[in-house]
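Chemist: Could you have a look at this structure, given as structure tokens, before my questions?
The values are calculated or read from the model by the stated rules, or taken from the named source; none is laboratory data. These figures come from a predicted structure and were not determined experimentally. Note that each Cβ is placed from the backbone with ideal geometry, even for glycine, and that neighbours are counted across all protein chains shown. SASA here: full protein model, heavy atoms, side chains in, ligands and nucleic acids out. Shrake-Rupley method; radii C 1.70, N 1.55, O 1.52, S 1.80 Å.
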Number of protein chains: 2
Amino acid sequence: MAVYTEVSDEDLNAFASAYDFGEIVSCKGIAEGVENSNYMLQTEKGPFILTLYERRVNPAELPFFLNLMEHLARSGVQCPVPLKGKDGEALRMLCGRPAAIVSFLKGMWPRRITAEHCAGLGVAHAQLHHAGMSFDMQRANSLSLNGWRELFARTDPQAAENIEAGLGALITRELDALAKAWPAPSADLPAGVIHADLFPDNVFFLDGKCSGLIDFYFACNDLLAYDIAICLNAWCFEPNGDFNITKANRLLSSYQSVRPLTPAERKIFPVLARGAAMRFLLTRLYDWINTPPGAMVKPKDPREYLHKLNFHRGVTDMAAYGLA
Amino acid sequence: MAVYTEVSDEDLNAFASAYDFGEIVSCKGIAEGVENSNYMLQTEKGPFILTLYERRVNPAELPFFLNLMEHLARSGVQCPVPLKGKDGEALRMLCGRPAAIVSFLKGMWPRRITAEHCAGLGVAHAQLHHAGMSFDMQRANSLSLNGWRELFARTDPQAAENIEAGLGALITRELDALAKAWPAPSADLPAGVIHADLFPDNVFFLDGKCSGLIDFYFACNDLLAYDIAICLNAWCFEPNGDFNITKANRLLSSYQSVRPLTPAERKIFPVLARGAAMRFLLTRLYDWINTPPGAMVKPKDPREYLHKLNFHRGVTDMAAYGLA
């Protein structure tokens with residue numbers, strides 16, 4: 001949970017005057033999210049979400065994220081829509097940070113994942129990928145193969161060794177294996193805009209149905225199946241580490257009800273799942289080592305993703321994920 | 001900031017079925033408050049606040065707090081009103097904790113205190129004291145003289161010494177001095193229900209006017225002027241430690257526009273202000289020493305209140321607080 005910036009009422013009122021929602025009657029920091037500061041606004045025209053973009057977000061990339069949300073919403077995806085001010089701009093400054101207001105989305109993210117949630121996610125995810133096809137901006141995935149190597153090079157090897165003996169050597173070997181197995185850019189695999197961080201806390205449900213997707217600040221262009229693999233890792237393992245093949249089947253088959261995977265995607269999927277596990281193993285490892293004690297956000301244990309990586313190393317085809 | 005308990009949608013929906021506000025469409029943890037977990041609920045009948053009472057609150061005392069809020073609201077004080085369920089009860093269990101839903105209050109607490117804020121506070125505070133006169137429940141102040149001694153006895157003297165050389169000896173001397181100077185229960189001083197924690201984050205303003213008071217979970221029966229002294233300490237010192245006599249004058253004279261201080265209250269006020277500083281010095285000192293690193297709430301520096309205590313030790317009459 002995190003709110004990094006205290007917004008004063010004077011600053012907020014000056015900011016709000018650029019918009020057309022009447023008076024802000026309340027502004028409360030939300031104890032969710034990690035990268036940015038989020039506030040729930042109550043206005044005369046209903047609730048909105050205010051986001052202040054903190055240091056981990058590159059301001060130059062914000063137009064990509066905000067335009068993407070607008071494009072997706074216009075294409076029928078349930079997601080926050082950036083609110084434009086009277087000047088037509090969605091992005092402005094508040095407390096020295098870039099800031100935007102987006103529409104309020106109904107629903108709650110699920111604390112206890114069921115197979116039904118996975119089914120709802122699968123359909124919404126495929127719709128997101130479909131709608132992203134017609135988005136005309138591009139953003140490279142900075143957290144793919146090369147990004148992993150750079151991040152690992154900046155990670156203290158001894159600190160990694162202290163977390164789990166042999167961890168550094170395993171990552172080095174696995175990065176080499178992934179570099180060989182990873183599909184070339186020329187491979188005939190569907191690519192497009194991916195969410196890249198579709199964890200349960202970014203997916204809302206209402207009355208058991210998926211009511212929307214949030215937090216597009218890792219979105220980028222990459223392989224669509226890689227995005228599915230990120231979800232598989234985030235949604236289909238139990239808290240004790242067991243892989244739940246029923247959840248995986250519901251996730252994948254529901255996704256396929258909208259967009260069937262191609263034979264090439266099914267073939268490469270176990271490699272993408274290993275890569276997706278590597279990506280979160282490395283960022284969690286880095287954060288685990290580099291988060292100062294007493295920081296407002298508690299880092300997550302990287303070993304959860306080491307376990308998932310090892311699981312996928314033993315997988316040879318989609319049957320292990322519940323698809324015949 | 002703190003949200004200690006994760007509430008699942010299943011638990012929340014079961015809880016919500018006891019109420020008559022239709023469906024809960026959103027529930028977000030609020031990054032404010034220290035003692036309890038607070039959530040902003042959006043329902044079909046508008047916004048509400050859900051509070052889960054965590055371990056520092058004695059469940060046996062909750063009826064006092066909830067009935068007080070109801071009584072105050074009925075008496076015209078702007079404060080949260082506990083929402084009763086279909087069974088007539090305001091208090092029930094959620095995630096193994098006592099929980100209540102209260103009405104949503106418009107406004108924001110002021111991040112930069114002005115003399116105008118102090119004036120608004122003074123009036124609202126006197127109205128609170130007036131309305132509390134007709135409340136028929138009682139709760140002793142566990143954080144008065146005897147409570148201070150007990151708390152200090154449980155505080156590691158060496159840890160206190162490490163924070164500020166001579167701190168322990170100063171507190172011991174000052175506790176003795178306060179015990180001698182503190183008014184006897186028989187003293188003819190107005191007493192009643194006090195808020196006992198009326199810091200800026202518990203006072204909301206909208207359009208420059210005080211729109212309400214929140215967080216009554218330290219409320220108790222004690223001297224009314226002691227409650228004013230708590231506010232004086234919390235609102236009238238600048239971040240650099242300077243005492244702002246203009247703010248103090250506005251706070252006190254605005255309070256007096258509703259309920260003038262008696263001569264006896266004016267006479268004893270500097271002692272009460274020392275006591276009010278001692279109370280927060282001791283709780284901050286205890287929390288500073290006993291909060292584990294990495295806890296979700298950062299403890300506040302006790303030396304801020306040591307400085308305030310020392311300021312009041314040099315005060316002999318109300319002129320120092322801006323009252324002739």
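Chemist: Quick one: net charge of residue A:79's neighbours, Cβ under 14 Å, K/R +1, D/E -1?
Modeler: So the surrounding residues net to -1.
Chemist: For residue B:191, which sequence-distant residues (separation of 5 or more, or a different chain) have an amide H within less than 5 Å of its own amide H, given hydrogens modelled in the peptide plane?
Modeler: Excluding prolines and chain starts, which carry no amide H, the hits are B:224.
Chemist: Now for a different question. Which three numbers, in whole Å and largest first, are the semi-axes of the equivalent ellipsoid of the range B:165-258 derived from its Cα gyration tensor as √(5λ)? It would help to have the intermediate numbers written out before the result.
Modeler: On the way: eigenvalues 132, 74, 39 Å².
Calculated on Cα positions only, the semi-axes equal 26, 19, 14 Å.
Chemist: Follow-up question, since we're still on this one. Cross-link candidates for residue A:28: which aspartates and glutamates have Cα within less than 14 Å, leaving aside residues fewer than 8 places away along the same chain?
Modeler: Hits, sequence-local ones excluded: A:6, A:9, B:32, B:201.
Chemist: At 222 nm, what helix-only mean residue ellipticity would chain A give, in deg cm²/dmol to the nearest 500, using -39500 (n - 2.57) for each DSSP H run of four or more?
Modeler: Roughly -13500 deg cm²/dmol at 222 nm, from the helical runs in chain A.
Chemist: Something else about it: How many nm is it between the label spots at residue A:112 and residue B:264, if each spot is 7 Å from the Cα in line with the beta carbon?
Modeler: 5.8
Chemist: Something else about it: Which whole-number percentage describes the relative contact order of the range B:167-219, with Cα contacts under 8 Å and a sequence gap of 6 or more?
Modeler: It rounds to 27 percent for the range B:167-219.
Chemist: Please compute, for peptide B:34-43, the average count of beta-carbon atoms on other protein chains lying within 10 Å of each residue's beta-carbon.
Modeler: Rounded to a whole number, the mean comes out at 2.
Chemist: If you average the alpha carbon positions of the range A:202-232 and of the range B:236-252, how far apart do those two centres end up, in angstrom?
Modeler: 51
Chemist: I've got another one for you. Kindly sort B:32, A:116, A:174 by accessible area of their heavy atoms, largest first, with the probe set to 1.4 Å.
Modeler: A:116, B:32, A:174
Chemist: Let me ask another. Would you mind computing, in nm to one decimal, how far apart the modelled labels at residue B:154 and residue A:20 are, each placed 7 Å from Cα along Cα→Cβ?
Modeler: 5.7
Chemist: Which whole number gives the average count of other chain Cβ atoms within 10 Å of the Cβ atoms across peptide B:106-112?
Modeler: Working: counts 5, 4, 10, 3, 3, 7, 5.
For peptide B:106-112, the averaged partner shielding equals 5.
Chemist: Expressed as a rounded percentage, what relative contact order does chain A have, with Cα pairs under 8 Å and six or more residues apart?
Modeler: With pairs under 8 Å counted, the relative contact order is 17 percent.
Chemist: Compute the convex hull volume of the Cα atoms of chain B, divide it by the residue count, and report the result per residue in Å³ as a whole number.
Modeler: Details: hull volume 44.7 nm³, N = 324.
Taking only Cα atoms, chain B has a hull volume of 138 Å³ per residue.
Chemist: Report, by chain and number, residues whose modeled amide H sits under 5 Å from the one on residue A:26, excluding near sequence neighbours (fewer than 5 apart, same chain).
Modeler: Amide H neighbours of residue A:26: A:42, B:107.
Chemist: Provide the convex hull volume over Cα atoms per residue for the range B:190-324, in Å³.
Modeler: 128
Chemist: Three principal axis extents, largest first, for the C-alpha atoms of the protein assembly as shown, in Å?
Modeler: So the three principal-axis extents are 89, 51, 48 Å.
Chemist: Where the centroid of each part is defined by its Cα atoms, how far is the range B:160-189 from the range A:57-84 in Å?
Modeler: Computed from Cα coordinates, the inter-centre distance equals 58 Å.
Chemist: Could you tell me what % of all Cα pairs in the range B:1-150 have separations over 27 Å?
Modeler: Here the long-distance tail beyond 27 Å is 30 percent of all Cα pairs in the range B:1-150.
Chemist: Normalising by the residue count of the range B:1-40, find the relative contact order in percent from Cα pairs under 8 Å and 6+ residues apart.
Modeler: 55
Chemist: Distance check, please: which entries in A:84/A:247; A:209/A:308; B:84/B:106; A:84/B:106; A:267/A:298 exceed 30 angstrom between their Cα atoms?
Modeler: From the list (A:84/A:247; A:209/A:308; B:84/B:106; A:84/B:106; A:267/A:298), the Cα-Cα distance tops 30 Å for A:84/A:247; A:267/A:298.
Chemist: Still on this structure, please answer the following. Taking the Cα centre of chain B as the origin and placing charges on Cβ (Lys, Arg +1; Asp, Glu -1), which of B:60, B:151, B:230 is farthest toward the positive end of the dipole?
Modeler: B:230
Chemist: A further question follows. Using only the alpha carbons of the range A:272-324, what is the convex hull's orientation-averaged projected area in square nanometres?
Modeler: About 4.1 nm², averaged over all directions.
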